[in-house]
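Presented below is the structure to which this report refers.
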Amino acid sequence: MHSDTDSLLITNPTNIRYLTGFVGVEQRDAYLMLLPTKAFLLVSPLYQEEAKIVQFNNSFLKKQFPKIKTLDINILTPDNRITKQLTNICANEKIQTLSFESENITVSEYEGFKSVVPTLSPTQNVIEKLRVGKFPNEITSIKKAAKLTDDCFTFIQTKIQKGVTETDLSWEIETFFRKNGAENAFSPIVAFGKNSSQPHYMTPASARGPLAEKSIVLLDFGARVNGYCADMTRMIFVGKPKPEWIKAYNTVLLSQQTAIDNLSSSVSGAEIDRSCRKIIEDAGLPTYPHSLGHGVGLEIHEAPRLTIHNDVTLTKDMVITVEPATYIPNEFGIRIEDLVHIKDNEIAVLSTSTKEVIILL
């Protein structure tokens with residue numbers, strides 16, 4: 001990652017958590033300084049107790065950067081702020097170049113860091129690229145999150161009844177996760193009727209509804225377990241579905257199954273996306289305005305992106321979503337999404353909830 005004269009300052013809270021396991025991270029409550037053979041975790045005094053239990057020997061930092069032998073904990077104080085501490089570290093270690101995460105730094109921080117070393121060097125996605133392939137314990141947590149998401153889908157179907165609102169169902173999802181020792185990976189998307197045509201519909205904080213006797217329900221949600229996310233989308237029809245709903249559903253399902261059948265390590269994400277779009281277009285339906293899928297891990301949206309606009313070759317131990325869709329503005333939308341673990345020459349679909357047409361009367 002860096003040469004013997006380089007250093008890298010990690011400011012992204014998720015990257016700090018990934019490398020050290022330190023979870024008491026909010027924006028700018030912690031920094032991680034990587035040097036050729038040692039690292040420094042600089043934390044707010046609010047988190048000094050949490051920092052003391054960081055286990056360097058079991059961290060991904062040691063696995064990803066085996067030349068680094070120690071991790072020291074430094075406490076940030078009003079008299080010993082980040083710029084002063086970095087200046088001292090770089091002087092003691094004779095560091096001339098400070099690399100930083102260019103997409104996670106403010107202008108004022110950049111101006112302050114100019115005084116630390118002679119040269120500042122921006123980087124992009126250094127740690128994010130390492131996070132693409134998941135370690136076994138990461139996969140285990142993601143599987144647990146996926147299983148809980150499936151269990152929640154079974155549960156939430158019992159709550160879809162006359163008079164229920166989008167907000168009601170969103171709250172039921174969050175409550176289910178909390179009662180089972182998890183939390184939301186993201187704010188659930190619960191969209192009734194024409195609201196389902198908005199890909200990232202914002203389910204309101206106040207009740208909207210109630211559910212019509214003949215409607216369509218889009219549920220996009222996921223659990224977070226040990227910091228790791230799951231992501232799944234399912235459709236439910238209330239009352240006899242319209243023929244155009246069923247046509248769209250079957251088309252999107254065919255598109256998704258085609259993608260899943262062709263997934264493996266070493267295949268092109270762009271080609272998979274292109275083939276899915278063609279199936280939907282050939283059916284006379286508008287194709288989706290987003291990528292076919294994305295990586296999932298400590299964040300709900302991670303690298304890689306499966307899209308015709310940015311080709312990527314799938315590799316072993318990626319965890320991705322596959323979520324083709326079609327949206328008819330102001331009428332309805334259909335999206336089907338599964339979580340998939342890419343293995344050597346095969347895949348494992350982690351979302352096991354049925355994709356048969358579900359009609360609740």
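The figures follow:
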{"quantity": "Unsatisfied cross-links (Cα-Cα over 18 Å) in the set 62/143; 63/143; 147/214; 159/242; 240/278; 194/242", "calculated": "62/143; 63/143; 147/214; 159/242; 240/278"}
{"quantity": "By average C-beta atoms within 10 angstrom, highest first, the peptides 303-310, 286-293, 107-114, 47-54", "calculated": "286-293, 303-310, 47-54, 107-114"}
{"quantity": "Alpha-carbon gyration tensor eigenvalues x 5, square-rooted, for the range 166-317, Å", "calculated": "27, 23, 12"}
{"quantity": "Distance between modelled label sites at residue 72 and residue 183, nm, 7 Å Cα→Cβ extension", "calculated": "3.2"}
{"quantity": "Mean ellipticity per residue at 222 nm, deg cm²/dmol - from DSSP H runs of n ≥ 4 across the chain, formula -39500 (n - 2.57)", "calculated": "-9500 deg cm²/dmol"}
{"quantity": "Entry for mean projected area of the Cα convex hull in nm² (calculated from the structure that is shown) out of (i) 19.4; (ii) 16.4; (iii) 18.3", "calculated": "(i)"}
{"quantity": "Eligible aspartates and glutamates near residue 94 by straight Cα distance, threshold 16 Å, same-chain separation 8 or greater", "calculated": "4, 6"}
{"quantity": "Cβ crowding within 10 Å averaged over residues, with 188-200, 34-46 ranked highest first", "calculated": "188-200, 34-46"}
{"quantity": "Taking the chain and dividing mean pair separation by its residue count, relative contact order in percent (alpha carbons under 8 Å, at least six apart)", "calculated": "14"}
{"quantity": "Spacing of the two label points (7 Å from each Cα toward its C-beta) at residue 49 and residue 354, in nm", "calculated": "4.9"}
{"quantity": "Spatially proximal aspartates and glutamates relative to residue 52 (Cα-Cα < 16 Å; intrachain offsets below 8 disregarded)", "calculated": "29, 72"}
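Bear in mind that the values in this text are calculations on the coordinates, not laboratory data. Everything numeric in this text was worked out from a predicted model, so none of it was measured. Here the Cβ is made from the backbone with ideal geometry for all residues, glycine too, and neighbour counts use every protein chain on show.
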